[in-house]
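Here is the structure we will look at, set down as structure tokens.
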Amino acid sequence: MTPRRILVPTDFSPSAEAALAHAVSLADRFRAPLHLLHVVHQTNTDLYGLGDAEVHIDRLREEAESSARARLADLAPGMAAQAVHTAVARRSEGGVVDAIEEYVLDSAIDLVVMGTHGRQGLGRLMLGSVANRLVRRGVAPVLTVRHEKEEGETAAPVAYDSILAPIDFSDHSKTALRLSKEVTAQYEATQHLLFVAEKRVLPTFSDTGIPGVSVVEMDPEIVANAEEALDELNASVGGPEVTTAQHLEEGDVAQTIIDFADAREADLIVMATRGLTGIDRFVLGSNTERVVRAAPCPVLTVPASPDAAPED
């Protein structure tokens with residue numbers, strides 16, 4: 001799973017600019033062409049019922065598209081012209097995700113890099129909700145980047161020295177692990193494999209109907225063998241040889257991943273969008289969105305396959 005074509009959907013917000021910095025770094029490391037896409041909203045002229053209004057709206061739309069193309073051309077000045085492709089798509093207010101997905105499929109995009117917060121208001125791409133929906137659809141791996149730089153502060157160069165890969169031993173997490181190793185190798189980083197032995201609090205009811213709670217813990221044998229199993233899994237997925245550490249933690253899956261990334265100062269989290277199912281299993285899919293929202297670093301979410309069934 002080596003990224004060969006990288007897409008950055010942008011609304012020109014600070015969050016989108018932060019995402020672009022990561023995309024440029026990855027494109028440079030993997031020698032991949034960079035695609036920049038801006039979506040111009042298509043206003044419904046039927047709401048106006050006037051010919052002059054329709055002409056006026058068309059003119060505004062053309063101006064917006066022209067301005068977007070000019071701004072896109074200036075976004076990645078440090079890259080060779082032949083390595084940057086720019087595009088503007090027209091879509092209705094609710095069709096932004098469809099436009100991105102269509103571009104991903106038509107251009108064989110291997111990785112989408114997006115900000116988690118964008119501009120808000122009529123005619124502007126709201127990146128946060130778009131990123132979440134794109135992650136759920138699973139058309140390609142998606143790297144989400146949060147913008148945290150204060151106004152006037154110089155952005156630090158993109159560097160991934162510590163990469164965290166949560167694992168539940170599902171086929172989906174194996175796919176994510178392979179991509180994690182590719183990125184780790186390119187940045188000469190350390191890869192941290194994390195298995196979370198989840199404890200769940202479940203509601204119970206007695207014979208009298210009085211509600212209570214019970215704590216369901218993972219099989220102790222699975223916990224005892226987790227670190228050795230992580231090492232074996234890492235070897236089995238192939239890919240480049242990288243420096244790797246194995247870790248076992250107990251607790252809530254999403255919160256444990258977030259806390260671990262914060263404590264270890266992880267620069268990137270690479271995780272699957274789906275995992276194992278079952279009452280005592282680590283369900284990656286149900287926790288991915290929580291991690292994307294609250295992680296202290298960028299999160300690269302990896303679907304099971306490029307043609308995974310779309311979800312909304």
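The values are calculated or read from the model by the stated rules, or taken from the named source; none is laboratory data. On a predicted model such as this, the values are computed, not experimentally measured, just so you know. Cβ coordinates were reconstructed from backbone atoms using ideal geometry, including for glycine residues, and neighbour counts include every protein chain displayed.
Give region 1-19 a look and list any residue that's over 17 Å from residue 103 (Cα atoms) and either of a type outside the set (D, E, K, R) or in contact with a strand residue (DSSP E or B) (Cβ under 7 Å, 6 or more places away or on another chain) (or both), or say none. Spell out how you get there, then give the answer.
Start the filter on region 1-19 by keeping residues that are over 17 Å from residue 103 (Cα atoms), which leaves 1-2, 12-19.
Of everything in region 1-19, those that are over 17 Å from residue 103 (Cα atoms) and either of a type outside the set (D, E, K, R) or in contact with a strand residue (DSSP E or B) (Cβ under 7 Å, 6 or more places away or on another chain) (or both) turn out to be 1, 2, 12, 13, 14, 15, 16, 18, 19.
Of everything in region 1-27, what is assigned to a helix (DSSP H, G or I) and within 24 Å of residue 272 (Cα to Cα)? Give them in sequence order. Before the answer, list the steps.
At the first step, the residues of region 1-27 found to be assigned to a helix (DSSP H, G or I) are 14-27.
Hits for region 1-27 are 15, 16, 18, 19, 20, 21, 22, 23, 24, 25, 26, 27.
Hey, any hits in region 80-88 for a residue that's aliphatic (A, V, I, L, M) and modelled with pLDDT of 90 or more?
The initial filter retains those residues of region 80-88 that are aliphatic (A, V, I, L, M), namely 80-81, 83-84, 87-88.
Narrowing the set further to residues that are modelled with pLDDT of 90 or more leaves none.
Taking every residue of region 80-88 in turn, none turns out to be aliphatic (A, V, I, L, M) and modelled with pLDDT of 90 or more.
When residues of region 283-310 are filtered for being modelled with pLDDT under 50, within 18 Å of residue 101 (Cβ to Cβ) and within 15 Å of the chain's Cα centre (by Cα), how many remain?
Narrowing region 283-310 to residues modelled with pLDDT under 50: 283-284, 306-310.
So of that shortlist, the ones also within 18 Å of residue 101 (Cβ to Cβ) come out as 306-310.
Pick out the ones that are also within 15 Å of the chain's Cα centre (by Cα) and you get 306.
Of the residues in that region, 1 qualify.
From (1) over 14 Å from the mean Cα position of the chain (by Cα); (2) modelled with pLDDT under 95, pick out the condition that doesn't hold for residue 136.
All conditions are met except number (1).
Which ranges mark the helices (runs of 4 or more DSSP H) fully within region 141-243 that have 3 or more residues being modelled with pLDDT of 85 or more and within 28 Å of residue 103 (Cα to Cα)? So that I can check it myself, show each step before the final result.
Numbers: elements: 171-186, 220-224, 226-236.
Helices (runs of 4 or more DSSP H) meeting the threshold: 171-186.
Say whether the condition of being modelled with pLDDT of 85 or more, surrounded by fewer than 15 Cβ atoms within 10 Å (Cβ to Cβ) and outside the structural domain of residue 111 (by TED's automatic domain parsing) is met by at least one residue in region 263-282.
yes
Among what's in region 89-105 and is at pLDDT below 75 and part of a loop (DSSP other than H, G, I, E, B), pick the residue that is surrounded by the fewest Cβ atoms within 10 Å (Cβ to Cβ). Before the answer, list the steps.
Residues of region 89-105 that are at pLDDT below 75, as a first pass: 91-94.
Of the ones still in play, those that are also part of a loop (DSSP other than H, G, I, E, B) are 92-94.
On the way: 92: 12, 93: 12, 94: 8.
Once the filter is applied, the top-ranked residue is 94.
In the list 111, 122, 127, which residue meets the criterion of being in the same structural domain as residue 66 (by TED's automatic domain parsing) and either modelled with pLDDT of 85 or more or closer than 20 Å to residue 30 by Cβ (or both)? Even if it seems obvious, please write down each step before you answer.
Numbers: 122 fails: either modelled with pLDDT of 85 or more or closer than 20 Å to residue 30 by Cβ (or both); 127 fails: either modelled with pLDDT of 85 or more or closer than 20 Å to residue 30 by Cβ (or both).
Criteria check complete, one pass: 111.
Is it the case, given these coordinates, that residue 10 is at pLDDT 85 or above and surrounded by fewer than 19 Cβ atoms within 10 Å (Cβ to Cβ)?
Values: at pLDDT 85 or above: yes; surrounded by fewer than 19 Cβ atoms within 10 Å (Cβ to Cβ): no.
No; evaluated as a whole, the condition is false for this residue.
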